[in-house]
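Everything below concerns the one structure shown next.
Just so you know, all these numbers are worked out from the coordinates, no wet-lab data involved. All figures in this text were calculated on a predicted structure; none of them were measured in a lab. Every residue, glycine as well, gets a Cβ built from its backbone with ideal geometry; the counts of neighbours run over all protein chains shown.
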C-alpha cells in the first residue's frame, strides 16, 4: 500500500464508555474473550480455563471495576479499569 492509500487514525476521535449491560450477550462475550485471550494477559504457570477468565472479567464489570470503552478512532471496543479511565481523563 502506498502512502496515498493509508488510512489516517483520528487521534481526536472520542472514546466512549459503553454500559456493558447494553451490549448483546454475544457482543459482550466477544469483547471479554478477545481481552482475556490477548497476548500479554498471562495467568501464571497454570492454564486457566477460558470460562474462568471470562467469569472473572464479568465479575469486574458487575462491580464497576472494569468498563467497556469504544474507541471511535480505531472502531474497537476495549476493557479498561476505572483507574485507567481516570488516567486518560475520560469520564464514565
Revision key, fill the gap. Length gained if residue 22 through residue 88 is fully extended, taking 0.36 nm per residue and subtracting the Cα-Cα distance, is 21.5 nm
Exercise for review: Set the Förster distance to 25 Å, then compute FRET efficiency between residue 73 and residue 46 from the Cβ-Cβ distance, nearest 0.05.
Suggested key: 0.10
Check your understanding: If you take the Cα Rg of segment 48-92 and divide it by 2.2 N^0.38 Å, with N the number of residues, what do you get?
Key -> 1.27
